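These notes are about the structure you will find just below.
The values are calculated or read from the model by the stated rules, or taken from the named source; none is laboratory data. What you see is a predicted model, and the numbers here were worked out from it, not measured in a lab. Don't worry about glycine lacking a Cβ; one is built from the backbone with ideal geometry, like all the others, and counts go over all protein chains shown.
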Amino acid sequence: ETGVTQTPRHLVMGMTNKKSLKCEQHLGHNAMYWYKQSAKKPLELMFVYNFKEQTENNSVPSRFSPECPNSSHLFLHLHTLQPEDSALYLCASSQSRGDQETQYFGPGTRLLVL
Amino acid sequence: GQNIDQPTEMTATEGAIVQINCTYQTSGFNGLFWYQQHAGEAPTFLSYNVLDGLEEKGRFSSFLSRSKGYSYLLLKELQMKDSASYLCAVRDSDYKLSFGAGTTVTVRA
């Protein structure tokens with residue numbers, strides 16, 4: 001399944017580094033999402049983009065900065081992260097935010113902040 | 001906030017049946033999803049319920065009772081490859097998807 005791809009798959013960074021996560025969807029969808037998945041915790045919705053416009057920021061700290069240049073690509077820019085930000089970051093897409101639209105997930109980026 | 005509960009872990013034998021329960025309390029309801037997630041992989045869509053009743057899809061079935069805020073995922077004829085985490089997710093009146101913490105199912109030979 002290569003409908004939603006994410007790079008890199010693994011990332012180790014120091015607290016002073018700047019890095020970016022990339023997501024690309026090949027499904028012709030119009031909505032894209034960033035989620036954080038920590039061990040033994042529910043997926044937490046971070047950001048939602050619908051037709052390239054950010055429609056939701058779920059009280060995410062400013063050290064996470066999303067960018068959506070077009071409906072197929074989504075980035076998450078990271079800077080001055082904390083060790084508690086270590087988690088699996090999942091990207092998802094759907095046809096739209098409307099009714100009965102299923103979200104399809106990428107494989108995630110496993111992030112470790114030292 | 002939303003509240004979605006499911007058991008943390010379940011163990012069953014190959015060929016058996018396992019039922020994973022999910023209870024929820026959300027602000028409005030616009031559908032319930034079940035996803036399967038193998039370790040280190042993407043969650044993959046299994047089923048969607050928006051009306052009460054049972055939806056069957058091969059070895060997997062999902063049931064919903066909106067009045068009780070309750071769903072279950074039924075896995076029949078368990079296979080080793082079914083060992084995974086199963087995520088219950090509910091879409092609220094704002095079309096936001098909220099997830100439970102997941103149920104890790106281990107299938108033993």
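Side notes on the structure shown:
- All of B:35, B:48 fail the test of being under 26 Å from residue A:10 (Cα atoms), surrounded by 13 or more Cβ atoms within 10 Å (Cβ to Cβ), within 12 Å of chain A (Cβ to nearest Cβ) and among the hydroxyl-bearing types (Ser, Thr, Tyr), apart from B:35.
- When segment A:32-59 is filtered for residues that are under 17 Å from residue B:43 (Cα atoms) and assigned to a strand (DSSP E or B), the ones remaining, listed by number, are A:32, A:33, A:34, A:35, A:36, A:37, A:44, A:45, A:46.
- With respect to the conditions (1) within 11 Å of chain A (Cβ to nearest Cβ); (2) among the charged types (D, E, K, R); (3) out of contact with any strand residue (DSSP E or B) (no Cβ under 6 Å at 6 or more places or on another chain), residue B:91 lacks only one, and its number is (3).
- Test set (1) more than 14 Å from chain A (Cβ to nearest Cβ); (2) free of Cβ contacts under 8 Å to residues at least 40 places away in the same chain; (3) crowded, with 17+ Cβ neighbours inside 10 Å - residue B:42 fails condition number: (1)
- Out of B:30, B:3, sole residue that is more than 26 Å from residue A:109 (Cα to Cα), loosely packed, with under 15 Cβ neighbours inside 10 Å and within 13 Å of chain A (Cβ to nearest Cβ): B:3
- Taken together, the residues in segment B:51-70 that are within 14 Å of chain A (Cβ to nearest Cβ), loosely packed, with under 14 Cβ neighbours inside 10 Å and farther than 16 Å from residue B:82 by Cβ amount to 1.
- Considering only residues in segment A:41-67 that are surrounded by 15 or more Cβ atoms within 10 Å (Cβ to Cβ) and among the aromatic types (Phe, Trp, Tyr), the one that is modelled with the lowest pLDDT turns out to be A:49.
- Complete set of residues in segment B:62-109 that are in a strand (DSSP E or B), hydrophobic (A, V, I, L, M, F, W, C) and over 19 Å from residue A:47 (Cα atoms): B:63, B:64, B:73, B:74, B:75, B:84, B:87, B:88, B:105, B:107
- Unique match (being part of a loop (DSSP other than H, G, I, E, B) and away from every other protein chain (no Cβ under 14 Å)) among A:62, A:96: A:62
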